[in-house]
Each structure stands twice: as structure tokens, then as C-alpha cells.
Amino acid sequence: MGLLFSIIVGAVAGWLAGKIMRGGGFGFLINLLLGLVGGAVGGWLFTLLGIDWSNGWIGQIGTAVVGAVVVLWVASLFKK
């Protein structure tokens, strides 16, 4: 159940980050990868800042979305 939950959270977080940053998603696989990487980045950032926001599934999605938005923002800096 943990792997399935991670896939769902990653896909939802990647899709939401795509909507926030460019107005649309990137496709299921890219959304999934973006959400999973975003979860790791968001968790690292929140730990660095001393924020514990990862309780429950809504907190995990929120953490992954914030991390995915940061990943997309950093990628956009290199794209220009």
C-alpha cells in the first residue's frame, strides 16, 4: 500500500505543480517523477527550515507540490 500511495501522491503533486507553474500537466510519467522528486526536495527544504508539515496525506501532497514547484522554478532558470 505504501508504494501505491507514493505513486498517487507523486502523480497528484506533479500535476498540481504543472498547473501552478505553466498552466497544465506534463503527462502521467513526468508528473509522477516530478512529484516524487518534489517530495524529496520539499521534505529537505521543510526540514532545513524547521517546518513539520508532512503529517497526513494532505501534508505529504503539499510538501511534494512545494518541492515540485521549486524544482520547476530552478529548471526554468537554466532553460533561459
Do we have Ala68 as out of contact with any Phe, Trp or Tyr (no Cβ under 7 Å at 6 or more places or on another chain) and open to solvent by less than 30 Å² (accessible area, probe 1.4 Å) here? yes
Answer yes or no as to whether Ala75 is surrounded by fewer than 19 Cβ atoms within 10 Å (Cβ to Cβ) and of a type outside the set (D, E, K, R). yes
Answer from Gly18, Gly14, Gly25, Gly38 - the residue that is surrounded by 13 or more Cβ atoms within 10 Å (Cβ to Cβ) and at pLDDT 90 or above: Gly38
Mind checking whether some residue in the stretch 45-62 is buried (at least 19 other Cβ atoms within 10 Å of the Cβ) and without any contact (Cβ under 8 Å) to a residue 40 or more places away in the chain? no
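The values are calculated or read from the model by the stated rules, or taken from the named source; none is laboratory data. Remember, predicted model here, so these are calculated numbers, not experimental data. Positions of Cβ are generated from backbone atoms using ideal geometry, with glycine treated the same way; all protein chains shown enter the neighbour counts. These accessible areas exclude ligands, DNA and RNA; they are computed on the full protein's heavy atoms, side chains included. Shrake-Rupley method; radii C 1.70, N 1.55, O 1.52, S 1.80 Å.
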